[in-house]
Amino acid sequence: MENSENGSVEPKQKNKGKHRKPKPWDDDPNIDRWKIEKFDPSWNEGGMLEVTSFSTLFPQYREKYLQEAWPIVKSALKDYGISCELNLVEGSMTVSTTRKTKDPYIVVKARDLIKLLSRSVPAPQAIKVLNDEMQCDIIKISNLVRNKERFIKRRQRLMGPNSSTLKALEILTGCYILIQGNTVSAMGSFKPLKQVRKIVEDCMQNVMHPIFHIKILMVRKELEKDPTLAHESWDRFLPKFKKKNINQNKVKSKEKRPYTPYPPPPQPSKIDIQLQTGEYFLNDKVKSAKKWQERQEKQTEKTAENKRKREAAFIPPKEPAVQDTKSDDGGKDLAAMAVSLKKKAKEYGRQNSAENVNAEAYIAESGEPSKKKSKRKHS
């Protein structure tokens, strides 16, 4: 506590980070802090003091492939001073350090290698994880979806038709991605692996479709080429996708009955019903006769119904009634049209005959009596 000039008491500030002293390389622009330097064996000439080992199980269907590819794995690990063992009885793979091991982190890389091999990653691809620049991430997707059918659909959505969606993600992120069973194995650098995990989890939880993530990654890739936008926000360029809520059929809730403190009345038993109808007091002979009568009635009803069904196949279908298109008015119109056409044809014929008449021939014909008329006169 300190007293100020006005006499007020001010709380003493805690000296946060008092042990943090400035280093000469803090403000050095030539140092790239994201660069992963390759391990030099001279940094650890004494080797490892204790033996560190990791083991993992593998499924039975991977046994044959691992037997064939194990010499390649063994020779790759031998260069780093790591011993490995394949136990086919227990179905496990084990890696451990030796006296020749210099890099203390290489055993963790070897652990990632056997994990990838157990998740069906090919051996030549899995060996690349031993490089310092390469990392891996195994994403469990089985616990993200409970329903099995929904899980299979969303996993297929992540793969796409003919694995086209998966190939697009591999190209844009620069990672190797393999979907096997209930896990997704990814290999790459730190930042792309983070993107892959986000895409996989969003797809399996139905937050966003992988196609939308692909569109966003393509836009980001184009924006990275422009140096003027390096220190600006890219939110205005990135596409925004809204989730459509599909109206689902709501389950009809049962109507709540009014609360009564008394329990519902008990249902009458078979004997109670027989006592009410009087059937309980009948003889066995009468009861059997009644049952037989009921059986006969049911049988007759059934036979009649079957007969109706058989006869229904022989009933001809109703033919559609042909509508009479010709009406009385239409007939009258046609008759009137025919008469007018005949009149016009006669008038046209008269006009043609008047125009083609020769005067001399007409006079000569009029002077000579026709033969038909003369014959009639003589007769």
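The values are calculated or read from the model by the stated rules, or taken from the named source; none is laboratory data. All figures in this text were calculated on a predicted structure; none of them were measured in a lab. Cβ placement follows ideal geometry from the backbone for every residue including glycine, while neighbour counts extend to all protein chains displayed. Quick note on the areas: whole protein, heavy atoms, side chains included, nothing else; ligands and nucleic acids left out. Shrake-Rupley method; radii C 1.70, N 1.55, O 1.52, S 1.80 Å.
So which of Lys140/Lys194; Lys153/Lys221; Lys35/Lys215; Lys115/Lys148; Lys38/Lys225 end up more than 20 Å apart, counting from Cα to Cα? Don't jump to the answer; show the numbers that get you there.
Details: Lys140/Lys194 14 Å; Lys153/Lys221 29 Å; Lys35/Lys215 29 Å; Lys115/Lys148 25 Å; Lys38/Lys225 29 Å.
Going by Cα-Cα distance, Lys153/Lys221; Lys35/Lys215; Lys115/Lys148; Lys38/Lys225 fall outside the 20 Å limit.
Assuming 0.890 mPa s and 25 °C, estimate D for region 133-240 with Stokes-Einstein, Rh taken as the Kirkwood radius over Cα pairs, in µm²/s.
On the way: Rh = 14.7 Å.
Estimated via Stokes-Einstein, D reaches 167 µm²/s.
Taking a probe of 1.4 angstrom, what is the accessible area of Lys64 in Å², to the nearest 10?
Roll a 1.4 Å probe over it and Lys64 shows about 150 Å².
Ignoring ligands, DNA and RNA, please state the percent of accessible area on region 133-240 from carbon and sulfur, probe 1.4 Å. Please report the intermediate quantities before stating the final value.
Numbers: 3610 of 6740 Å².
Carbon and sulfur together cover 54 percent of it.
In what sequence, largest accessible area first, do Ile72, Ile82, Ile171, Ile216 appear using a 1.4 Å probe? Walk me through the numbers on the way to the answer.
Values: Ile72 85, Ile82 10, Ile171 125, Ile216 30 Å².
The most accessible residue leads, giving Ile171, Ile72, Ile216, Ile82.
Give the ranking of Arg150, Arg308 by solvent-accessible surface, highest area first, calculated with a 1.4 Å probe. Mind dumping the intermediate values first?
Working: Arg150 125, Arg308 150 Å².
Sorted by accessible area, descending: Arg308, Arg150.
For every other residue with a beta carbon closer than 12 angstrom to the beta carbon of Thr303, add +1 if it is Lys or Arg and -1 if Asp or Glu, then tell me the sum.
Computed value for this residue: +3.
Using a 1.4 Å probe on the protein heavy atoms, what percent of the accessible area of region 37-132 belongs to carbon and sulfur? Each step should come with its number before you reach the end.
Details: 2930 of 5670 Å².
The C+S portion of the solvent-accessible surface of region 37-132 is 52 percent.
Excluding ligands and nucleic acids, what accessible area in Å² is computed for Cys136 using a 1.4 Å probe, to the nearest 10?
So the heavy atoms of Cys136 present about 30 Å² to solvent.
Excluding ligands and nucleic acids, what accessible area in Å² is computed for Thr97 using a 1.4 Å probe, to the nearest 10?
10
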